[in-house]
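The values are calculated or read from the model by the stated rules, or taken from the named source; none is laboratory data. Bear in mind that the values here come from a model prediction, so they are computed numbers and not experimental data. Using ideal geometry, Cβ is built from the backbone for each residue, glycine included, and neighbour counts are taken over all protein chains shown.
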Amino acid sequence: MYDLIIIGGGPAGITAGIYALRKKLKTLIITKDFIGQTGTTGVVENWPGEKSIGGIYLMEKFKNHLQFYNPEVKEERALFIEKNEKKFLVKTKNEKIFTRAVIVATGRKPKKLDVLGEEDFTGKGVSYCTTCDAPLFSGKKVVVFGGGNAGFEAAIELSEYAREVFLFESFSRFSADEFLQEKAKKKKVKTEKNILLKSIKGKSFVESVVYENSISKKEEEKDVEGVFVQIGSRAITECVKNLVEFDTEGDIKIDLKTNKTKTEGLFAAGDVTEVKDKQIVVAAGEGAKAALSVYSYLKK
């Protein structure tokens with residue numbers, strides 16, 4: 001029987017682990033990896049203490065800090081969680097594990113465009129991870145869909161490899177920080193707004209995209225060899241859906257002071273929750289807060 005099981009190995013989960021282990025709670029971390037969304041980010045420029053650092057290197061720092069406390073880790077997925085009286089059952093593919101409290105810090109996964117050809121060409125020119133795949137598109141022409149920070153960051157990173165980079169946004173304005181928009185201009189990223197993607201075409205690999213301007217209603221086809229999807233993400237909540245409440249975006253509702261969910265003993269932290277700003281520093285802070293709340297709950 002554990003005091004606490006933390007599900008997730010991103011900034012929220014790792015920070016929760018550090019705080020829980022420092023409080024001498026018998027803790028298990030269940031995660032398929034210690035990469036998370038941060039590890040797939042090219043460059044992080046808003047983490048205090050680091051003016052600029054690769055996302056994967058920042059996650060290595062997180063992981064190394066956690067390992068200092070000799071955590072117990074199972075590198076697999078939590079399939080579902082049940083509550084029986086005052087304890088939880090967490091089931092993985094291979095085990096059933098009991099614990100007094102749980103922190104869900106499962107993060108998010110990319111949203112898809114849901115257009116013709118997207119599934120067929122995933123891994124064959126369609127990508128959701130710029131850091132993973134950008135070097136594969138050296139000297140090629142690519143398009144990024146998404147005008148937020150993630151989209152512009154992806155376009156900037158791709159400009160270091162690709163011959164030509166386009167960025168399309170479906171709305172009438174870009175939501176990315178002005179700093180990133182200016183940086184993309186300097187990198188000669190070509191941007192367009194009011195673009196609705198219709199389909200992705202090709203034979204064995206992506207060869208073109210068909211899209212429509214929502215204002216002019218003009219349909220065009222552009223030859224590209226890569227499509228990078230950066231239109232946001234959704235919370236990963238499958239393992240806990242029967243124990244929590246969700247907001248209209250599908251994020252877990254929590255008590256914003258304590259990170260408690262509607263189920264006693266079950267807490268949530270980071271990007272999986274309704275907390276507004278999905279930022280690394282916010283997720284880390286939420287992980288710390290959740291662990292401290294668990295400690296108070298268990299010591300009652």
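Computed values, structure above
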read-out: Asn46 vs. criteria in contact (Cβ under 8 Å) with a residue 12 or more places away in the chain and surrounded by fewer than 15 Cβ atoms within 10 Å (Cβ to Cβ); value: yes
read-out: Options Lys222, Lys299; residue that is touching a residue at least 12 places away in the same chain (Cβ under 8 Å) and among the charged types (D, E, K, R); value: Lys222
read-out: Test: residue in the range 163-186 that is crowded, with 16+ Cβ neighbours inside 10 Å, in contact (Cβ under 8 Å) with a residue 40 or more places away in the chain and either within 22 Å of Gly55 (Cβ to Cβ) or in contact with a Ser or Thr (Cβ under 6 Å, 6 or more places away or on another chain) (or both); value: no
read-out: Residues of the range 120-141 that turn out to be under 22 Å from the mean Cα position of the chain (by Cα), surrounded by 19 or more Cβ atoms within 10 Å (Cβ to Cβ) and of a type outside the set (Ser, Thr, Tyr), as a count; value: 5
read-out: Complete set of residues in the range 270-300 that are farther than 20 Å from Ile236 by Cα and part of a loop (DSSP other than H, G, I, E, B); value: Lys299, Lys300
read-out: Residues satisfying the stated conditions in the range 153-172, i.e. farther than 11 Å from Gly42 by Cβ and not in a loop (DSSP other than H, G, I, E, B); value: Glu164, Val165, Phe166, Leu167, Phe168
read-out: Subset of the range 261-279 that is modelled with pLDDT of 95 or more and surrounded by fewer than 19 Cβ atoms within 10 Å (Cβ to Cβ) - its residue that is nearest to Gly107 (Cα to Cα); value: Glu274
read-out: Considering residues of the range 214-241 that are part of a loop (DSSP other than H, G, I, E, B) and of a type in the set (Val, Ile, Thr) only, the residue surrounded by the most Cβ atoms within 10 Å (Cβ to Cβ); value: Val224
read-out: Residue within the range 282-293 that is surrounded by fewer than 24 Cβ atoms within 10 Å (Cβ to Cβ), without any contact (Cβ under 8 Å) to a residue 12 or more places away in the chain and either basic (Lys, Arg) or touching a helix residue (DSSP H, G or I) at 6+ places or on another chain (Cβ under 6 Å) (or both) present; value: no
read-out: Per-region count, the range 244-262, residues in contact with a strand residue (DSSP E or B) (Cβ under 6 Å, 6 or more places away or on another chain) and farther than 10 Å from Ala290 by Cα; value: 6
